[in-house]
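What follows is one structure encoded as structure tokens, with my remarks underneath.
The values are calculated or read from the model by the stated rules, or taken from the named source; none is laboratory data. Note that this is a predicted model, so its numbers are computed, not measured. Methodologically, a virtual Cβ is constructed for each residue, glycine included, from the backbone with ideal geometry; neighbour enumeration extends over all protein chains shown.
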Amino acid sequence: MARILLIDDDDDFRAMLRLTLTHFGHTVIEACDGKEGLTLFPGANSDLVITDIVMPEKEGLEVVMELRKRRPSVKIIVMSGGARNRSAGYLQTAKALGASTVLEKPFSNGDLLTAINQLLPAVEQEAAGI
């Protein structure tokens, strides 16, 4: 299964995502903001980064740009919620900056797992015993 670096400043939402991801066999490394996420990234050995956009310290768009400099091949899912127009604009920008996939909050567990399986097909095959 995948090693996932999960970056979100909302403790409850991050905990819910961690529980979902670990339930499906993934290993999750958590960060409470972009600054902590970028600090943990080198040692996390992650296959995938999932990050929120609006956070204190260092926001998600900065995280995407920095990750693309450090390891261009890393898969990144960016998520954002809030006002629909504002969220859509942030997600478009994240995609332009190099996010692999974007998800608008709220999203279902199925949406998240589908995005992960599309980005990491080897993980999906491993889960299926292929």
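Per-structure values
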{"quantity": "Any chance residue 7 is touching a Gly at 6+ places or on another chain (Cβ under 7 Å) and within 16 Å of residue 115 (Cβ to Cβ)", "calculated": "yes"}
{"quantity": "Positions within region 14-26 being in contact (Cβ under 8 Å) with a residue 40 or more places away in the chain, surrounded by fewer than 18 Cβ atoms within 10 Å (Cβ to Cβ) and in a helix (DSSP H, G or I), in sequence order", "calculated": "20"}
{"quantity": "Some residue of region 58-76 being out of contact with any helix residue (DSSP H, G or I) (no Cβ under 9 Å at 6 or more places or on another chain), closer than 21 Å to residue 110 by Cα and either aliphatic (A, V, I, L, M) or touching a residue at least 12 places away in the same chain (Cβ under 8 Å) (or both)", "calculated": "no"}
{"quantity": "Qualifying residue in region 28-39 (condition: touching a helix residue (DSSP H, G or I) at 6+ places or on another chain (Cβ under 8 Å), more than 22 Å from residue 104 (Cα to Cα), free of Cβ contacts under 8 Å to residues at least 60 places away in the same chain and of a type outside the set (Asp, Glu))", "calculated": "yes"}
{"quantity": "Matching residues, region 27-77, being polar (S, T, N, Q) and either surrounded by fewer than 21 Cβ atoms within 10 Å (Cβ to Cβ) or part of a loop (DSSP other than H, G, I, E, B) (or both)", "calculated": "27, 39, 45, 46, 73"}
{"quantity": "Residues that are over 19 Å from residue 71 (Cβ atoms) and aliphatic (A, V, I, L, M), drawn from region 21-41", "calculated": "21"}
{"quantity": "Residues (under 18 Å from residue 75 (Cβ atoms) and in contact with a Cys (Cβ under 6 Å, 6 or more places away or on another chain)) located in region 1-59", "calculated": "none"}
{"quantity": "Single condition residue 94 does not satisfy, out of (1) surrounded by fewer than 21 Cβ atoms within 10 Å (Cβ to Cβ); (2) touching a helix residue (DSSP H, G or I) at 6+ places or on another chain (Cβ under 6 Å); (3) in a helix (DSSP H, G or I); (4) not β-branched (Val, Ile, Thr)", "calculated": "(1)"}
{"quantity": "Region 52-66 - residue that is in contact with a Leu (Cβ under 8 Å, 6 or more places away or on another chain) and under 12 Å from residue 31 (Cβ atoms) and, of those, modelled with the highest pLDDT", "calculated": "63"}
{"quantity": "Residues of region 118-130 that turn out to be in a helix (DSSP H, G or I), touching a helix residue (DSSP H, G or I) at 6+ places or on another chain (Cβ under 9 Å) and either crowded, with 17+ Cβ neighbours inside 10 Å or modelled with pLDDT under 80 (or both), as a count", "calculated": "3"}
{"quantity": "Flag for residue 91 being more than 16 Å from residue 8 (Cα to Cα), modelled with pLDDT under 95 and not acidic (Asp, Glu)", "calculated": "no"}
